[in-house]
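One structure is given here, and the rest of the page talks about it.
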Amino acid sequence: LMKIRRGFVTNSSSSSYIIAKKKDATLTDIKNSLLEVRDNAKSFLIEQHKWIDLEPDVEESIRKEDYDKAVDAFLEHTADYLYGNFNDGTLGDWEVGSDEFWGDSGNPYENFILDSAWLIGDNNLQII
């Protein structure tokens, strides 16, 4: 019997995750999966943008205080990151991979996953 915890372990600076993508999921499917956490991503950017390195288009939108444009671009970059990585093997209809994410890595996508993993999950993308 294995226990599975969805979310962030508060007494650790890192957490390990399994990223699972449906084999036939497109990049657009992954982007749509992340739209479910758009409000959380916006809050994350507002609270964290001073401490993490972001893509220039996201930084520019934040500088202009256009947080809606910033979060759309950030989620697009996050989808690219998730879609292009974590293809270590297959499990049934899923491509899976795993990694340990560090809260102090400076990687904005890892920091966002640490913050929001427990919210992300649908028919095309699961973060466990």
Completion exercise
Non-local residues with an amide H under 5 Å from the amide H of Ser98, with H modelled 1.01 Å from N and Pro and chain starts lacking one, are Ile19, Asp88
Practice task
Name the most mobile residue of Asn85, Asn111, Asn40, meaning the one with the largest mean-square fluctuation, in a Gaussian network model of the chain with Cα contacts below 10 Å.
Solution key: Asn85
Practice task
Would you mind computing, in nm to one decimal, how far apart the modelled labels at Lys23 and Leu119 are, each placed 7 Å from Cα along Cα→Cβ?
Solution key: 3.2 nm
Practice task
Compare Ile52, Ile19, Ile30 in a GNM of the chain, Cα atoms joined below 10 Å, and give the one with the largest fluctuation.
Solution key: Ile52
Problem - the stretch 8-128: proportion of alpha-carbon pairs further apart than 22 angstrom, % - result: 31 percent
Exercise for the section: With everything on Cα atoms, drop me the angle between helix 67-84 and the longest principal axis of the chain, reported from 0 to 90° to the nearest 10. Expected result: 30 degrees
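Throughout, read-outs are computed from the coordinates displayed, never taken from laboratory work. Everything numeric in this text was worked out from a predicted model, so none of it was measured. Reconstructed Cβ throughout: ideal geometry from the backbone, glycine too, with neighbour counts over all protein chains shown.
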